[in-house]
1. Okay, helix-only estimate at 222 nm for the chain: each DSSP H run of n ≥ 4 adds -39500 (n - 2.57), divide by all residues, round to 500 deg cm²/dmol; what do you get?
2. Return the distance in nm (one decimal) between the two label points of a simple spin-label model at N260 and K224, each offset 7 Å from Cα along Cα→Cβ.
3. Quickly work out the T252-to-E78 label distance, labels modelled 7 Å from Cα along the C-beta direction, and quote it in nm with one decimal.
4. Summing +1 for each Lys or Arg and -1 for each Asp or Glu, what net charge is found among the other residues whose Cβ lies under 13 Å from the Cβ of G177?
5. Mean-square fluctuation check for the chain, GNM, Cα pairs under 10 Å: which of P251, P14, P103 is largest?
6. Over 26 Å between Cα atoms: which of K110/K224; K128/K270; K9/K56; K110/K223; K42/K107; K9/K92 fall into that group?
7. Amide H of G120 versus every other amide H placed in the peptide plane: which residues, excluding those fewer than 5 positions away on the same chain, fall under 5 Å?
8. Relative to the longest principal axis of the C-alpha atoms of the chain, give the angle of the C-alpha long axis of helix 126-136, reported between 0 and 90° and rounded to the nearest 10°.
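Bear in mind that the values in this text are calculations on the coordinates, not laboratory data. Here the structure is a predicted model, which means the values were calculated and not measured. Quick reminder, even Gly has a Cβ in these numbers, built from the backbone with ideal geometry, and neighbours come from all protein chains shown.
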Amino acid sequence: MSNTVILLKNPSAPYDPYHDLLLAKSYNPQFIPLLHHTHRDKAQTIAYLTSNEFMKHTDYFIITSQRAVEMLRECIEEIDQNDVMRYHHRQKILSKVGYTVGPATYKILKEVGFVDVRGGVDAGNGSKLADLIMAQVYPNTNIVFFTGEIRKDIIPRKLIDIGRFEHFKEFVMYKTGERDDIIDKFSAIVDDGCSNVNVNGGGDEGATKSGGWIVFFSPQGTKKIIEYLKQSSDSGGNSVTKRWKLASIGPTTEEYLLSNGLTPDTIAAKPDAASLVEGIIKCD
């Protein structure tokens, strides 16, 4: 059995908990970035962060994407380097109350220096986070949602339609595009895994060993990978899905895989590195 684990995601900065934990458990993590993320307008974001609207009149923000957190970190670092009022602005920004989904974004926000971060492990999805916000924040409060050009409507719709938040604002920080080199990188790894995986020495034709793991973190950006796996399965023989096990970070991604005729071998109990690696180890 190969110990390679293909992670269909961009590695988190400055370090990635999936990479570190897999290495600690003697696996060989390999990232395949599916998307590229760039600032939509970095200067505009910095201008907003240092504006009176945000500095004086907005005490709460929502941020659910690791990419948005990383963009926010970069903007704060640039403010530190170039702004004559950098200390005042930094302290004012970091005094804001941040709401986020899941442990990864929570941890990064704390590392950036935000003191009051809410949600995290207590809010595993957008709906739960919206419920938490409605329970803690008055509807007439100014609150901004830092997001990308592509985002789900769950949080805005719930806060506006159900919570009646009148001063809810969205600020788009980054844009996302699909990479062109996905299949080249993916096929290079799975084919390399194939060269290390031999047909069972007992002589049973078609009996193969696992080439390792392919981990899906989100449906976004995986269309080409899904097509590649389905074509491999349709061709029969020693297909990728016969040699490689599939893992899903959660039930939404599991449903997506099942809808495409692919059954994951493990689904993480929680959307974090510890739960994912625990599931992989149990299956191995």
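1. On the way: 13 runs with 122 residues, N = 284.
Rounded to the nearest 500, it is -12500 deg cm²/dmol.
2. The two pseudo-label positions are separated by 1.3 nm.
3. So the label points at E78 and T252 sit 2.8 nm apart.
4. Working: positive: R40, R67, K175, R179; negative: E149, E178, D180, D181.
Net local charge, G177 excluded: 0.
5. P14
6. Values: K110/K224 35 Å; K128/K270 14 Å; K9/K56 37 Å; K110/K223 33 Å; K42/K107 23 Å; K9/K92 33 Å.
Where the Cα-Cα span goes over 26 Å, the pairs concerned are K110/K224; K9/K56; K110/K223; K9/K92.
7. T100, V101, G102
8. Here the helix axis deviates by roughly 30 degrees.
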